[in-house]
Each structure stands twice: as structure tokens, then as C-alpha cells.
Amino acid sequence: MQRRKVIISLIAVSLLAVVFLAGCRSSRYAQFGGYAQGGTWSVKANLEGVRVKPAEIQAHIEEILFEIDTTLSGYNKGSQLSRHNRGETIVPSAMFDEMLRAAYRFWEETEGALDCAAGPLFDIWGFGFRTDSLPSDEKVQQTLASCGMGRMKEGGQVRLNYNAIAQGYSCDKVAEYLYSIGVKDMLVDIGEIFCDGLNPSGKPWRIGIDRPKDGNNTPGAELEGIWEGNGSAQGVVTSGNYRKFYIKDGIKYSHTIDPRSGYPVQHNLLSATIIAPTSMEADAYATYCMVIGSEEAKAFILSRPELEGYLIFGTDGADSQAEQDFAEWASPGFNIPYLLNQ
């Protein structure tokens, strides 16, 4: 799966090998990494008390990511998802069924604003598995009629796209494995983030939040601030509209599409960072906030005691999108002690 979302940048160098981290409070911290889902992945874990060898941990994480790719990837033409989308009869695996149930739950909860059965809409706008763009209103309405988890519930055939939740799900599956072998302190980065416990210095994990400026395409190159955890298990995901978009006739078309209308969103919310108990929830709700816009997103975050959020939105008066002025809003429990552009 290619990276669709704004990547939260770690304040660290990502290594692609199993290494032990030097200068730590415990020499048992190790880092694992490799390539998956169109980019790199990285895991830091405290192996104190863990009897599984590092090489076995690396191999098992790779097996998890391979299963996800062959089950849920729309870019892997042989995956269960791709075969389903072609209309082939498949025997769904437990993972396929688990993701389908989660997608339906998010669709119901958001009243259709987060719809994993809206894949064809992303295709016609040029942000899915195909490369069309600027469809006619008639094309949008025709495509909209073929979408929706509701059609699937009624027995209809729909094309699925799990980009809104799959990377968060991947983090959760890797974390689930690490817990099973006794790991307590961890940071899992697969484009989205899951962390628990403390970092090698004995402090809560810190994660940089990218400044949502058009053209800021390198994660970590320009940060808006740094979030600090509290030592508990937390999924951390940012979604935004400043890396994947195109401009035609002076209008910006972003990859965030409202599946209820069939059109890319047009509002001033530039990025939404969500802290949730799991990465899949953070992934889903960050996308949901980007669909509904800043005011509704604030109300949603405040209505959910298990969530924290940080929104960055544009203000008037900028000469260009690259020079956009920003305003920020954080929920009461969102810990961002370091704002870098004030």
C-alpha cells in the first residue's frame, strides 16, 4: 500500500537493520526496520526480559507485514482485496473479515463520512488505484451511486480501499505481536505511529508534527511542533492535504474526498493529528476530521474522552499557499510542549 497520509516524523534516524541502540538506559533496546507498504518501517523496542532473539523478531514482523500486503493491499494485484475488487470469488481470511468489520463500524459511526467502499471516487479524482482527474458532475454522481458500505450490506458488489485505516491497523498488529513476546516499551512506525512506555533515555516518546505547508514533502524537514506521550499505549496519526493534491485553473483538489458528496473537501483544515488508544482508530478519526473540517472536528474530539487532537488550519491574508499563515487548536489533553513556529 502506498503512503496516502501525512507521515508523522520521528526525531530520529530510521535504520533498516536490526541494531542495538547505544547510550541507552538499557542495552536491551533494539531497532528493527525494512521496507513495506511503499516506504520504510521502523520499530524500537525494549527487549529486557524478552527471550525471543532479535533476528526472529525481525522475521516475524516481516511476516505480519507480508500477510497484510497479500490480504489488504490495493496495489498488490494478487491480494485478497484486489481480487475482491475485480469481482472474483474469494475465501476471506480472518484478517480480511476483521478489516471489513472495522470499515463497516467506522462507516456507521461517522454516518458515511469515512467510507472504505468509496474507492471508485478516489480513482476518478486521481487519488486511488487509477489516474483519472477532474471528472464531470455526471461522472461523480454515477460513481457515487456505485459506492458505499451500505450497498455491501445490501449484497451489492463494491470496490474497497483501506488507505484510511490500513497503516494504522498494521501498527496495531505489529504492536500486538510485540506485547505477546513481553515487550512493554515500544515505538512502531509504519507511516503511522503506535507507542507505549518509555524511550531508550527513560523518557516518554516524542514525535514531530510536520508543518502543513504546500511543498513540505519531506517528513521531518519542517516541523510545526513536537508531541510528547505520557507513557501509556497510544496511536498517533496525522492526516492532511498538503502533500497529495493538484491544482487546475487555480483550484486546489486534495486527496481528502467526502464520500457523501463525491467531491474533494474545500475548507481551511490543513492537518489533523489524533491520539487514540489504537493506531487504526487514530488513522480513521484523523481522516474523518479532515473530511468534516475544523469546527466539526473540534466538537468531535471534545466529545470523545478517549481521544486527543491537534488541528492546524489556514487563515486569511497569505499571498500564496506556500506562504500560508497557520492557526492551531489543541484539545486539553494534547501534550505539545514544543511549538517551533511561534
inquiry  = Taking the Cα of R28, stepping 7 Å toward and past its beta carbon, and measuring to each backbone N in region 164-205: which are under 12 Å?
reply    = 182-185
key: Spin-label model distance (nm) - R101 vs E222, 7 Å beyond Cα toward Cβ   = 4.5
remark   = Computed over region 75-153, the distribution of all Cα-Cα distances in 5 Å bins, rounded to whole %, is 3, 14, 20, 25, 21, 13, 3, 1
ask   = Across all directions of projection, what mean area in square nanometres is found for the Cα convex hull of region 39-196?
value = 10.5
ask   = How far is it, in nm, from the label point at S331 to the one at A145 when both lie 7 Å from their Cα along the line to the Cβ?
value = 4.0
message = Full-extension gain between R51 and N268, please, as 0.36 nm times their residue separation minus the C-alpha to C-alpha distance.
response = 73.1 nm
inquiry  = Quick check: pseudo-label points 7 Å beyond the Cα along Cα→Cβ at S261 and L339, how many nm apart are they?
reply    = 2.9
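Subtracting the Cα-Cα distance from 0.36 nm times the residue separation, let me have the gained length for Y179 to A299 in nm, one decimal.
Length gained between Y179 and A299: 39.8 nm.
Computed from the coordinates by the stated procedures, all read-outs in this text should not be read as laboratory data. Note that the coordinates shown come from a computational prediction; the quantities given were computed from them, not determined experimentally. FYI the Cβ positions are ideal-geometry reconstructions off the backbone, even for glycines, and counts take in every protein chain you see.
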